[in-house]
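Have a look at the structure below, then the notes.
The values are calculated or read from the model by the stated rules, or taken from the named source; none is laboratory data. Remember, predicted model here, so these are calculated numbers, not experimental data. Note: ideal-geometry Cβ built from the backbone for every residue, glycine included; neighbour counts use all protein chains shown. SASA here: full protein model, heavy atoms, side chains in, ligands and nucleic acids out. Shrake-Rupley method; radii C 1.70, N 1.55, O 1.52, S 1.80 Å.
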Amino acid sequence: MNHTEGKTPDGFSEALAVFREAASAVPAYTLFLKEKGIHPDEIRSYNDFLTVPLMDKATYLRAYPFFDLF
């Protein structure tokens, strides 16, 4: 299914709430987003959400201090 044609997928509002909570509460994620030029308050639509970079071991887990990941 192509979600870029105006239909917001089920559960998006919940996913957006989790994203915003993590962006404000998790130090490493806050820094990760800042370094990538992502402003959480500007992520409002599903298409906006698709611009949030994916995380992996190299770009996130190994890039930040352990206790900043929580």
Qualifying residue in the stretch 52-59 (condition: modelled with pLDDT of 95 or more and either of a type in the set (A, V, I, L, M, F, W, C) or loosely packed, with under 12 Cβ neighbours inside 10 Å (or both)): yes
Among (1) open to solvent by less than 60 Å² (accessible area, probe 1.4 Å); (2) in contact (Cβ under 8 Å) with a residue 40 or more places away in the chain - the single one PRO40 does not satisfy: (2)
Only one of ALA22, ALA28, ALA17 that is exposed (fewer than 13 other Cβ atoms within 10 Å of the Cβ) and outside any loop (DSSP other than H, G, I, E, B): ALA17
